[in-house]
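Peer 1: I have a structure here, written as structure tokens, and I will follow up with some questions on it.
Just so you know, all these numbers are worked out from the coordinates, no wet-lab data involved. Here the structure is a predicted model, which is why all the values come from computation and not from measurement. Glycine also receives a Cβ, built like all others from the backbone with ideal geometry; neighbour counts cover every protein chain displayed.
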Amino acid sequence: MKLHSKKVLLTGASGGIGRAVAISLARQGARLLLAGRDMAALEKQKVAMAGADVSIELVELDLASIELSEQVDQLILKHPDVDVLINCAGVNLFKACDAMSSEQISQMLDVNLKAVLVLTSALLPLLKRRPQAAVVNVGSTFGSIAYPGFAAYSASKFGVRGYTEALRRELAGSNVQVFYLAPRATKTTMNERAVLEMNQELGNAMDDPAWVADQLVKAIERDRFKLFLGWPEKLFVVINSVFSVLVDRALIKQLPTIQTYLKREI
Ligand SMILES: NC(=O)c1ccc[n+]([C@@H]2O[C@H](COP(=O)([O-])OP(=O)(O)OC[C@H]3O[C@@H](n4cnc5c(N)ncnc54)[C@H](OP(=O)(O)O)[C@@H]3O)[C@@H](O)[C@H]2O)c1
């Protein structure tokens with residue numbers, strides 16, 4: 001799908017990957033509707049992007065709010081012309097399963113999974129009326145390879161991948177395309193210090209958010225509906241789906257290191 005002149009609603013627009021996606025979308029001439037909780041951060045970004053010759057509007061949206069549906073209804077009334085929804089917002093916590101509180105679990109599932117379903121369901125009637133439309137969900141390598149220390153996050157991202165797959169099958173042949181992008185570790189503030197140090201010790205590569213954003217935008221422009229980023233991660237995704245025991249063995253070797261960093265988080 002060509003993004004020129006398309007109106008794109010982007011969640012997580014104040015985040016590391018989201019900011020870069022906004023810039024990359026602007027280069028393609030998309031009209032931007034940047035969503036987030038932190039309006040000051042979004043205003044700052046709008047000013048920083050003033051040179052880009054595209055329309056940029058902002059909308060306040062708290063994806064963990066119990067009033068999310070009402071907020072989305074307001075958004076739809078004001079912006080009935082959205083062509084593309086990009087669900088990029090997300091939260092992460094590096095914690096052992098027995099160290100997660102029920103509030104932390106709820107917040108993770110609300111933002112990473114429930115909000116994706118709520119926004120998509122609410123926007124689909126509009127998207128179906130546009131000549132060409134798309135839903136783009138940002139998952140993670142951990143949405144295919146469940147990783148120790150990230151169990152809740154992995155569960156939420158497995159959910160996003162499953163939802164995206166079903167949605168793509170449900171909308172096959174319609175005007176609404178469905179995309180899934182799974183980045184591997186990326187250099188944003190989502191990853192706390194312990195995770196950065198652990199990744200370094202384990203030799204896990206971390207990508208630049210601008211590169212990830214460009215991959216996402218290229219995937220949309222080239223109709224690549226499912227994209228896993230990074231070697232050897234994309235190979236492990238395939239191996240995990242066929243011979244998960246091999247990935248079990250690899251991760252058991254990493255476990256002592258992961259546990260050392262997890263203990264720091266208690
Ligand atoms: N960074 C990685 O290593 C990595 C790897 C694979 C996949 N991903 C995925 O990539 C996406 C973007 O991640 P990132 O690295 O850019 O993370 P980030 O820099 O931490 O940004 C997260 C974004 O989500 C927004 N958000 C969080 N809670 C929200 C809420 N309740 N309501 C509305 N917005 C909320 C944040 O807004 P506020 O400014 O209001 O907090 C921020 O814009 C996520 O889906 C993440 O799971 C990231």
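Peer 1: Can you list the trypsin sites (Lys or Arg not before Pro) in the range 210-266 that are in a DSSP coil and have 10 or fewer other beta carbons within 10 angstrom?
Peer 2: R222
Peer 1: While we're looking at this one, here's another question. Among all the aspartates and glutamates, which ones have a C-alpha under 16 Å from K6's C-alpha, if same-chain residues fewer than 8 places away are not counted?
Peer 2: List returned: D53, E57, D81, D83, E221, D223.
Peer 1: Counting only C-alpha contacts under 8 Å and six or more residues apart, can you give the relative contact order of the chain as a whole percent?
Peer 2: After rounding, I find 20 percent.
Peer 1: Follow-up question, since we're still on this one. Going by amide H atoms built from the backbone, whose H comes under 5 Å of the H on T186, apart from near neighbours?
Peer 2: D207
Peer 1: Within the range 44-99, report the GluC sites (Glu not before Pro) that DSSP leaves as loop and that have at most 16 other Cβ atoms within 10 Å.
Peer 2: E67
Peer 1: Here's something else I'd like to know. Suppose every Lys and Arg Cβ carries +1 and every Asp and Glu Cβ carries -1, with no other charges. What dipole size does the chain come out with about its Cα centre, to the nearest 20 debye?
Peer 2: 760 debye
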